[in-house]
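*Asks:* Okay, here's the structure, questions in a sec.
Each reported figure results from applying straightforward, stated rules to the coordinates on display, with no laboratory input. All values derive from a computational prediction rather than experimental measurement. No Cβ is skipped: glycine too gets one built from the backbone with ideal geometry, and neighbour counts run over all protein chains shown.
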Amino acid sequence: MVDYENTRRVVAAGLKNYLDCPIIRSNQIADPPSYPYVSYTITTIQSENKGTFGIYEDEIDRKPVIQTWSISVLSDDDNECVNLAMKAHEWLEHVGTTYLNDNHVIVQ
């Protein structure tokens, strides 16, 4: 079984460290932090990837799954918002890939 909570923590912590701003789950009842911040929703917990099962380094037989995330950058400054969004994209697509891969997360 996929450890969804660990995946969520890994992605949120990595983004927080790289962007240097709060990363929160969307649609929570707590008050949001001050601007800027990033919110995310996991819109699809598990989608079939039509792949096959395989035995991995930890000797567990499993079939990878695909999750879909929605990430929003919020700020009262348009330029700051765009810059943080571009920086988040940079981290997800390039800078953070080693960290994510080491933690069993692959961004498509």
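*Asks:* So how far apart, in nm, are the two label points at residue 101 and residue 3 if each is 7 Å from Cα heading toward Cβ?
*Replies:* Those two pseudo-labels are separated by 2.0 nm.
*Asks:* Same structure again: Taking θ = phi - 60°, what integer Hz values does the Karplus form 6.51 cos²θ - 1.76 cosθ + 1.60 yield along the range 71-80, in sequence order, with x for Gly and Pro?
*Replies:* With coefficients 6.51, -1.76 and 1.60, one gets 10, 10, 9, 10, 7, 9, 10, 4, 5, 4 Hz.
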